[in-house]
Amino acid sequence: MDYSDEEDGYSDDGDMGSEGYYNDDYDGDSDDGSFAEEDPGDRLIPREQNYKILSEDDIQRLEQEDVRKLSHTLCISSGDSCVLLVRNNWDANKVHDEWFADEEKVRKSAGLLLQNPVGIVDIAEKEVNCPICFEMWPVGEMINAASCRHRHCVGCWRSYISTSINSDGPGCLDLRCPDPSCKAAVSKDVVDALVSQEDREKYSRFLVRSYIEGNKKAKWCPGPGCDFAVIFHGGGGSSRSADSEVSCRCGHAFCWNCGEDAHRPVPCETVAEWVLKNSSESENTNWILANSKPCPKCRRAIEKNQGCMHMTCTPPCNFQFCWLCLGGWSEHQGQSFYDCNKYVEAKESGAYSEEESIRERAKNSIERYTHYYERWATNKSSTKKAIADLQSMHKKVDKLRDKVSMSHGELNFVIEAWEQVVECRRVLTWSYAYGYYLDPEGKAKKELFEYLQGEAEAGLERLHQSAETDLQAYMADNVDEIVGEDLKKFLDFREKLARLTSVTRNYFENLVGALEIGLKEVDSTVSSQLNKKEEEIIETSVDYDDE
């Protein structure tokens, strides 16, 4: 397949590009020089896309164009061209090379024989027996719908093709002559001529699927219920996760390399480990170790489900013991139920048993995992909500435009703010998976990570709250028109939200840049500039609230 822009008719800035969340018109910063000039390649929100989003109709147009080109080049029918492309995973270059190297071999392999052409024989001189239904038919009603001499009645052909479409699924694209000894291919032209409209549509959908699934540079969007496909023009396998991120028109963003949700700045390997950990039984084992203890007598795991420390094992063991020290309960008569001296003394003297040590490590491990997982899951949920809010915000901005009498361009700051919220929520989500796998012994890196993450998260919360809460005062249904003093406040709010959007973007670019190089260095100049900008925003926020 050839996807050059000149030949397929789709340009990167045309309507075939993603209609996702990103807008390139926003300058980001004021002209006061308080921020270093951005490198377009390092932006958190990419300016250029290295992929195209395709609908089913778009795929069919590309498919038909590939068939037409190959048919013209090899001087064969479009039906035969389609057969060759399907058999070679739509790799036109491979077909070219093999065809001109040995045409006869390619024809034989694909079932494109040189005998009688497809069509109905218009001679009704005698009746012929159909090999499938064994009925006698006039020769004029017997057809050889494959490129061979085997003729069958029209009814049997239709039934044969329809059954294959509805039973074999994508296998119907490799349909052959009904004669068991014949390997002649049945082309799309024959299918379109014989079957019902419903079956033709099914066959076309199978062709669309084969066009995407047979192409190494194409994938279906993994978003729930999404029918869009993606043609990727990047190199793939890049070490920068941002280079492999795809945002579909359906709103789902995913990584081209691994197929998981977009996970910048975490590499695919870390994502795979994190996903596996979240779904594995290892955490169940840790929970058992942290929340249960073995009976000192029979070693059966026991969970403490009541308040006191007096435990009784289940029958037939029935052993009674202390939950704290696992000693026999008979040894605890007269002692406090909730202050086991024997346990405390053993702990203070370092006479912890190996089992207690393992249990303590398991408890610490599960607490640490829970800390990162809860924040990962919460931000993941917030990302989904932000995507939904962004999708509904376009209609709300249309209504707001009527209230303030401004153009879409003047109100685009609202969409930009929500786009930033969505992207930053994604980054923040996966930063917690990154933090979990940081070496606990690397204190300097851990402190740096938590500082950068904390600054970015604080900035995002300010932006998200402003975009979600402050904006509602102007979006409310009971507000018909914004004029006078209210309009002045709205203009102040616009400036505040635009500044919050800009500084939040820079906070997250700082975080992402540091994580992508393994927290090896920090640009102190940028950090000081960000802090200065943050102070200005806080002052603006205070002034706005006072008003």
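The values are calculated or read from the model by the stated rules, or taken from the named source; none is laboratory data. Note that this is a predicted model, so its numbers are computed, not measured. Virtual Cβ from ideal backbone geometry, glycine too; neighbours counted across all protein chains shown. Heavy atoms of the whole protein, side chains included, go into the accessibility calculation; ligands, DNA and RNA do not. Shrake-Rupley method; radii C 1.70, N 1.55, O 1.52, S 1.80 Å.
Amide hydrogen proximity for His233: with H placed 1.01 Å from N in the peptide plane, the residues at 5 or more positions away or on another chain lying under 5 Å are Tyr51, Lys52. Using a simple spin-label model with pseudo-atoms 7 Å out from Cα toward Cβ, Asp189 and Phe100 lie 2.4 nm apart. Computed from phi, the 3J(HN,Hα) profile of region 452-467 under the Karplus parametrisation 6.51, -1.76, 1.60 (θ = phi - 60°) reads 4, 5, x, 4, 5, 5, 5, x, 5, 5, 5, 5, 4, 5, 5, 5 Hz, with x in place of Gly and Pro.
In sequence order, region 476-487 has phi-based couplings of 4, 5, 7, 9, 8, 8, 10, 9, x, 5, 5, 5 Hz under the Karplus curve 6.51 cos²θ - 1.76 cosθ + 1.60, θ = phi - 60°, and Gly or Pro positions carry x. Heavy-atom accessible surface of region 395-444, averaged per residue, reaches 40 Å², computed with a 1.4 Å probe. The string of couplings for region 56-71 from the Karplus curve (6.51, -1.76, 1.60, θ = phi - 60°) is 4, 5, 4, 5, 5, 5, 5, 4, 5, 5, 5, 4, 4, 4, 5, 4 Hz, one whole number per residue in order, with x for Gly and Pro. A Förster distance of 30 Å, applied to the separation of the beta-carbon atoms of Gln60 and Glu260, puts the FRET efficiency at 0.55. Taking amide H atoms as placed 1.01 Å from N in the peptide plane, the amide H of Glu245 lies under 5 Å from those of Trp256, each 5 or more residues away in sequence or on another chain. Determine which lysines satisfy two conditions relative to Lys304: a Cα distance under 27 Å, and not lying fewer than 8 residues away in the same chain. Here the lysines satisfying the reach criterion relative to Lys304 are Lys277, Lys293, Lys342, Lys347, Lys363. Amide H contacts of Ile302 (H built 1.01 Å from N, in plane; Pro and chain starts excluded): Lys293, Cys295 sit under 5 Å, all sequence-distant by 5 or more or on other chains.
In a simple Cβ point-charge model (Lys, Arg +1; Asp, Glu -1; nothing else charged), region 356-467 has a dipole of about 380 debye relative to its Cα centre.
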